[in-house]
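Q: Below is one structure. I have some questions about it.
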Amino acid sequence: MALAMAALGRRWSVPLQVALRGLPERRTLHDASPPRDVLLFEHERGRFFTVLGLFCAGQGVFWASLAVAALTRPPVSARPPETEFPDRGRLDVRSVLWRYGLAVGCGAIGTLVLGAGLLFSLRSVRSVMLRAGGQQVTLTTHAPFGLGAHFTVPLHQVSCMAHRGEVPAMLPLKVKGRRFYFLLDKTGHFPNTKLFDNTVGAYRNL
């Protein structure tokens, strides 16, 4: 009887092992611990950000020069002392208000252009590297003029706000303690999509 039960158990155990082996492997977020550094994302656009930096710098100089020109008082033509205008005081006030308003407007436009270009350069990600052990990740941004800037943070402080298949162009990445999202262009290269989805591409409540 015992031999029959053992034979029956072996008979059912083999198909069960085959079925379990066919199931997809499930891993937790912190099981991915590579023994060496692994590149998860790369998107090289140095030339574009160099041109963008030059454009923003030129716009800043242009609008700043307009603001300075608006603040500069125009030369007053010489008139005979007996020649006077009845509304000269009111005209002077309007002229001052107009010049200061134009200067503020030009300065605001220049600041917005410079700020937008600087922020976009600092938040556009060039590469994402998962460090050995899977506990830290290094993000490299393009930075102004494409010079590049990188920093390393713990993996649990990085959260992807959308899955790669849910967004058409940019993948928003949130880093704890830093304002604004970091942007990963989907036209870039993902060498290891599964490891990316299980680590940097996972959503975390920060």
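Q: Take the residues of segment 40-75 that are under 19 Å from the mean Cα position of the chain (by Cα) and open to solvent by less than 50 Å² (accessible area, probe 1.4 Å): which is farthest from Thr138 (Cα to Cα)?
A: For segment 40-75, the residue satisfying everything is Cys56.
Q: Of the conditions (1) open to solvent by 70 Å² or more (accessible area, probe 1.4 Å); (2) touching a residue at least 40 places away in the same chain (Cβ under 8 Å); (3) more than 30 Å from Ala70 (Cα to Cα), Lys194 fails just one. Which one is it?
A: Among (1) open to solvent by 70 Å² or more (accessible area, probe 1.4 Å); (2) touching a residue at least 40 places away in the same chain (Cβ under 8 Å); (3) more than 30 Å from Ala70 (Cα to Cα), Lys194 violates only (2).
Q: Quick one: in segment 147-182, of everything that is of a type outside the set (A, V, I, L, M) and closer than 16 Å to Ser121 by Cβ, which residue is most open to solvent (accessible area, probe 1.4 Å)?
A: Ranking the candidates gives Arg179 first.
Q: When the residues of segment 92-134 are narrowed to those that are open to solvent by 50 Å² or more (accessible area, probe 1.4 Å) and in contact with a strand residue (DSSP E or B) (Cβ under 6 Å, 6 or more places away or on another chain), which ends up farthest from Asn192 (Cα to Cα)?
A: Per the criteria, the residue is Leu122.
Q: Let me ask something additional. Look through Phe180, Phe151 and report the one residue that is under 11 Å from the mean Cα position of the chain (by Cα) and farther than 16 Å from His43 by Cα.
A: None of the others qualify; the one that does is Phe180.
The values are calculated or read from the model by the stated rules, or taken from the named source; none is laboratory data. This structure is a prediction, so every number in the text was calculated from the model and none was measured. Positions of Cβ are backbone-derived with ideal geometry, glycine not excepted, and every protein chain shown enters the neighbour counts. Just the protein is used for accessible areas: all its heavy atoms, side chains included, with ligands, DNA and RNA removed. Shrake-Rupley method; radii C 1.70, N 1.55, O 1.52, S 1.80 Å.
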